[in-house]
């Protein structure tokens with residue numbers, strides 16, 4: 001009896017592990033991407049660096065990826081994160097040439113793969129604060 005109970009618990013755990021990825025794929029069928037822009041505030045006085053967009057959609061090297069900021073396309077490069085999800089990077093200098101202080105920058109990501117299009121967006125504030133020497 002004890003052996004049957006252990007076997008049943010293992011079977012339930014295995015079934016749960018199989019259902020979780022399938023339900024994630026179903027959510028992706030809505031053709032939307034959850035994404036987060038980092039840093040979450042753009043300071044026009046910052047020095048160098050890059051903007052990263054972290055997503056919940058799987059990375060595929062052959063996919064077409066377009067990142068726009070306030071309607072302007074950026075030069076980007078892509079790679080998978082530790083979970084295999086798409087990460088998009090752009091030079092922060094390119095972004096600063098597009099956005100204006102005191103407003104918000106709207107990032108729109110378009111991901112085309114196998115004749116399917118997925119889109120996501122995020123908005124971050126834009127500030128212009130000169131760093132103080134300490």
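Taking 25 °C and 0.890 mPa s as conditions, region 32-127 diffuses translationally at an estimated 183 µm²/s according to Stokes-Einstein applied to its Kirkwood radius (Cα pairs).
Maximal additional length on extending the residue 70-residue 129 stretch stands at 19.1 nm, based on 0.36 nm per residue less the C-alpha distance.
Structural descriptor for region 32-127: relative contact order 36 percent, calculated from alpha carbon pairs under 8 angstrom and at least 6 residues apart. Under 13 Å from the 7 Å Cα→Cβ point of residue 114, by amide nitrogen: which residues of region 46-69? Hits in region 46-69 for residue 114 at 13 Å: 58-63.
Taken together, the values in this text are just the output of simple stated rules run on the coordinates, not laboratory data. Nothing here was measured: the structure is a model prediction, and the numbers come from that model. Using ideal geometry, Cβ is built from the backbone for each residue, glycine included, and neighbour counts are taken over all protein chains shown.
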